Amino acid sequence: MIRRELVQFQSGKFLLTGQWDGPWNDLPDDNPTGARPGVIFCHGFTGNRFESRRLFARLSADLAAAGYWTFRFDHRGCGDSQGDFADFTATGLLEDLRAALAVFLADGRADSRRSAVVGFSLGGLSASYLLSQYPDFVTGALWAPVAQPDIIRDRLATYPGFEDYLKSGHFDYMGTRVSAGYIDEIGRLEPVKWAKSFARPLLFTQAEGDVIVKPAQVRMYLEARANPADELLMISGGDHFFGRAENGDRVRSRTFAWLEERLRNENRP
């Protein structure tokens, strides 16, 4: 059985929605205080706390059933959080991440000394930021992580009428308004630099056939970090969302095992 709890928290002028998933029984055998290993999730561009093909929801359920507490949240203008996606800017992205991290660390149900972060696509950039903000994370798993944020702007620029965003203040991306603030600011973020500052091992996952966040992006992380303990799970073929269902299962399974190996065995003072 899994316990689920929705929470709301403030980020700037926006009220964001978060979700805790965890076990029914409160007191783990190895920690009488009640805190268990914890994982915070960071979703991608125009995504939400469930993520495409429910990849986050399914991994979160796996972890909760194994006795972890997980925290997933929707950025402003995404999922159940306040705002429109036009309110989503690079500055707002970081503000939301800091607010979510504060909730995750302050709540008490997740052991801050046995915690990790999982991020997908733009959420891989977000995960890198959280790792730089809280170096006591034990590890992280970055799925198809964005290394050069300008690739998002470059992709939008291939759509007809892109230049009109300069006049209107937003670009209509398949029915979603993307703000000029996002388009103009996102390239200034430095996820590879953030990830490089984190000393502990990370798991990277990438599909060879991903044309949205190409494999060259994950190589930038690996080359910059030069950490022999890092691992790259490369999915043959696939796409940005890993393609076949069995590929998604493989990503979830390896991520679960990676977190289990490190969070369960972490020595706590």
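The values are calculated or read from the model by the stated rules, or taken from the named source; none is laboratory data. The shown structure was predicted, so the numbers you read here are calculated from the model rather than taken from an experiment. Glycine gets a Cβ as well: all are built from the backbone with ideal geometry, and neighbour counts include every protein chain shown.
Yes/no per residue for (1) farther than 30 Å from Asp164 by Cα; (2) basic (Lys, Arg):
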{"position": "Gly181", "(1), (2)": "no, no"}
{"position": "Arg188", "(1), (2)": "no, yes"}
{"position": "Lys193", "(1), (2)": "yes, yes"}
{"position": "Leu202", "(1), (2)": "yes, no"}
{"position": "Gln206", "(1), (2)": "yes, no"}
{"position": "Ala224", "(1), (2)": "yes, no"}
{"position": "Leu233", "(1), (2)": "yes, no"}
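Which of the residues that make up segment 92-140 are touching a Gly at 6+ places or on another chain (Cβ under 8 Å), among the charged types (D, E, K, R) and surrounded by fewer than 23 Cβ atoms within 10 Å (Cβ to Cβ)? Those that are touching a Gly at 6+ places or on another chain (Cβ under 8 Å), among the charged types (D, E, K, R) and surrounded by fewer than 23 Cβ atoms within 10 Å (Cβ to Cβ): Glu95, Arg109, Asp111. Of the residues making up segment 72-91, just one is more than 19 Å from Ser52 (Cα to Cα), buried (at least 19 other Cβ atoms within 10 Å of the Cβ) and among the charged types (D, E, K, R), namely Asp87. At least 1 residues that are of a type in the set (Val, Ile, Thr) and over 16 Å from the mean Cα position of the chain (by Cα) in each: list the helices (runs of 4 or more DSSP H) lying fully within segment 53-165 that qualify. Where helices (runs of 4 or more DSSP H) fall fully within segment 53-165 and carry at least 1 residues being of a type in the set (Val, Ile, Thr) and over 16 Å from the mean Cα position of the chain (by Cα), they are 90-107, 150-156.
Within segment 4-22, not a single residue is assigned to a loop (DSSP other than H, G, I, E, B) and among the aromatic types (Phe, Trp, Tyr).
Could you check, for segment 24-36, whether at least one of its residues is in contact with a Gly (Cβ under 8 Å, 6 or more places away or on another chain), surrounded by 19 or more Cβ atoms within 10 Å (Cβ to Cβ), modelled with pLDDT under 95 and not in a loop (DSSP other than H, G, I, E, B)? Yes; the residues of segment 24-36 include at least one that is in contact with a Gly (Cβ under 8 Å, 6 or more places away or on another chain), surrounded by 19 or more Cβ atoms within 10 Å (Cβ to Cβ), modelled with pLDDT under 95 and not in a loop (DSSP other than H, G, I, E, B). The sole residue among Arg153, Arg188 that is touching a Gly at 6+ places or on another chain (Cβ under 9 Å) and more than 26 Å from Leu59 (Cβ to Cβ) is Arg153.
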